[in-house]
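Read the structure below first, then the notes.
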Amino acid sequence: MAELRFTESHEWVSAENGIASIGITRYAADQLGDIVHVELPQPGKKLEAGGEAAVVESVKAASEIYTPLAGEVTETNRGLESDLSRINAEPEQCWFFRVKLSDATQLDRLMTRQQYDDYLKGL
Amino acid sequence: MRYLPLTDEDRRAMLEQVGAAEIADLFRDVPEAARDPEFDLPPHQGEAEVERILTRFAAQNTSAAECAFFCGAGAYRHHIPASVDYLIQRSEFLTSYTPYQPEIAQGTLQTLFEFQTQVAALTAMPVANASMYDGSTGAAEAVLMAHRVTGRDRAVLSGNLHPHYAETIRTMAGLAGEIVTAPVSPGKAEELAALIDDKTACVVVQNPDVFGSVRELTPLADAAHAKGALLVVVFTEAVSLGLISPPGAMGADIVAGEGQSLGNALSFGGPYVGLFASKQEYLRQMPGRLAGQTVDINGRRGFVLTLSAREQHIRREKATSNICTNSGLCALAFSIHMTLLGDIGLRKLARLNHARAVALATRLTAIPGVELVTPVFFNEFSLRVPKPAAEVVDELLDHDVMAGVPASRLYNGAAECESLLIVAATETNTEDDIGRYTRELATVLA
């Protein structure tokens, strides 16, 4: 798996061969608490960078998941729905959807793990 | 906290902050003609005078209890046991609002849970919410819910859906998508299936419809589902579900109905209580509040407000609806009445209603010129009379009979509705009422 990149809205991205997998970070999962529902995008949907792609709902909150990278949704992780507790247990193993990138250079704008950790310390 | 009115200084500071020169600037978006209207009102009066004036206004009403009453068309007069009023007036119930810290009010949540259970059983649907404002707003919410479920935004409305419901749907969902209304067709089958296309989110049909006709909806459900659309079933007479096939048994995806008939008085039009139920798979797209049953840390039964992340205090503009409340007291009255009746009691009540209506229809249609338009009905039917129905109603009122609702009041200007009278009979109508109606109608038409 490629090295992860991170966003300020607490998504992680792993990109390989022009396809990016996107999930939520440990920080996001901990903040949300027990996740009870995810709403995934339709494959084929075209997303703008920064656009809403999915919804994650916990017992007390619901949040949008944004895609930091523009592209077309190629695949969604339907397996998540049958075991939502995995998202809280190992968030970086749980991708929500995959996007065929329209501009792979957008990836360079995202934070490295070191940068993201520093960003979290400042919150 | 004391109430401290704003000083001129405060106003100036605020206007400056928002960049307005004077307060009138804040109303610039309101069309000129609608600004500062002049009202032709009498000068203010003292409490005693106001009471006298309003009493005089109120005396102009004729209440259902003062005459032989046969009006329905969306609101029905039924007997309400005295125990319902006694119980809902207990302070624990009467003063409690849908709670903001819900789990502390276990009793309130339990009554809502029982209510939902009853609504689900009555409609034969897997899930029901803690109630809506009334049947019509529930129907509009059902259309918006169908938009969310299907990702489409076209709704087909039966022409025999209560026109007030259709109007409410147009008000609440008209900006969210296209709404197609079929022509009104009293007592006849509608060709709704032909109006459903690949862009249709739902078809909305009332059963019994506004004219009283009871229908088999399975073919319509199949036609909707074949196009990927949902069937929304509406009802205005909850007691009918004690006798006729419930929406859930005929393929309904969403059900929205009026619950006034059980436990709630006519009260000149409200407050009423909306019943709302759906298939399990659409649960997360349901509007309104949901009470759920769970166990506490010690394994004891408890109740919660569940799935509240759908609601507007959390999801803001993305909430499933703007309804974060319910008709709590009316829902409680419904639940208490349902509990007092029980399964068998409700069926008996429904049979009694049907029997009264059949007796009335038989007597009235024996009058020359009076024709039954809706051969299959529950406790409400429509008659074709040999003169404008509105005139018949007015004339009978002079003889202490409220003969029904003229269809022309609901369908303004529809020629086929001019001579159509919508008549309801319930368990509250005595043999004497039915006899008086028959005699007076014969006289008026003679």
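Quick notes on this one:
- Distance between region B:307-363 and region B:1-48 - C-alpha centres, whole angstrom: 42
- Relative contact order of chain B: 20 percent, from C-alpha pairs under 8 Å at least 6 residues apart in sequence.
- Evaluated with a Cβ-only charge set (Lys, Arg +1; Asp, Glu -1), chain B carries a dipole of roughly 1540 debye about its Cα centre, given to the nearest 20.
- In range of the label at B:R439: residues from region B:355-384 whose backbone nitrogen is under 17 Å from the point 7 Å along Cα→Cβ: B:360, B:363-364, B:367
- Computed about its Cα centre, the charge dipole of chain A is approximately 100 debye, with only Lys, Arg, Asp and Glu carrying charge at their Cβ.
- Sites matching GluC sites (Glu not before Pro) across region B:38-77 that sit in DSSP coil, with at most 12 neighbouring C-beta atoms within 10 Å: B:E38
- Ranking B:F268, B:A226, B:M145 by Cα position along the charge dipole of chain B, where only Lys, Arg, Asp and Glu carry charges on their C-beta atoms, puts B:A226 farthest toward the positive end.
- Modelled FRET efficiency - R0 51 Å, A:E16 with B:A249, Cβ distances, 0.05 increments: 0.50
- Dipole orientation for region A:4-112: of the candidates A:L4, A:P43, A:G23, A:P43 has the Cα lying most toward the positive pole (charges on Cβ; Lys, Arg +1; Asp, Glu -1).
- Rg/Rg_ref, region A:4-112, where Rg_ref = 2.2 N^0.38 Å and atoms are Cα: 0.97
- Gaussian network model of chain B, Cα within-10 Å springs - most flexible of B:P247, B:P102, B:P37: B:P37
- Look at where the Cα atoms of region B:60-82 and of region B:369-400 average out, and the two centres are 17 Å apart.
- The reciprocal of the average 1/r between distinct C-alpha atoms defines the Kirkwood hydrodynamic radius, which for chain B equals 24.0 Å.
- HN-Hα J in Hz across region B:296-309 - Karplus 6.51, -1.76, 1.60, θ = phi - 60°, x for Gly and Pro: 7, 4, 9, x, 8, 5, x, 10, 9, 8, 10, 6, 6, 5
- Shielding by other protein chains, A:34-41, mean Cβ within 10 Å: 1
- Buried area at the A-B interface (accessible, heavy atoms, 1.4 Å probe, summed, Å²): 700
- Solvent exposure ordering (accessible area, 1.4 Å, most first) of B:T428, B:T200: B:T428, B:T200
- Largest to smallest in accessible area, the residues B:K227, B:K199 fall in the order B:K199, B:K227 (1.4 Å probe, all protein chains included).
- In the protein assembly as shown, helices alone account for a calculated mean residue ellipticity at 222 nm of -9500 deg cm²/dmol, with every DSSP H run of four or more residues adding -39,500 (n - 2.57).
- Amide hydrogen proximity for A:G51: with H placed 1.01 Å from N in the peptide plane, the residues at 5 or more positions away or on another chain lying under 5 Å are A:T67.
- q = 0.05, 0.10 Å⁻¹: log10 I(q)/I(0) that the Debye formula gives for the protein assembly as shown, counting C-alpha atoms only: -0.29, -0.99
- Chain lengthening between B:Q110 and B:E191 when straightened (0.36 nm per residue, less Cα-Cα): 24.8 nm
- Point-to-point label distance, B:N298-B:T362, nm (Cα→Cβ direction, 7 Å offset): 6.1
- Unit charges on C-beta of K, R, D, E only; dipole of the protein assembly as shown, Debye: 1340
- For region A:4-112, carbon and sulfur atoms together expose 44% of the accessible surface, with a 1.4 angstrom probe and every protein chain in place.
The values are calculated or read from the model by the stated rules, or taken from the named source; none is laboratory data. What you are looking at is a predicted structure, and each value in this text was computed from that prediction instead of being measured. Cβ atoms come from the backbone with ideal geometry, glycine included; neighbour counts cover every protein chain shown. Remember, those area values only see protein heavy atoms, side chains included, never the ligands or the DNA or RNA. Shrake-Rupley method; radii C 1.70, N 1.55, O 1.52, S 1.80 Å.
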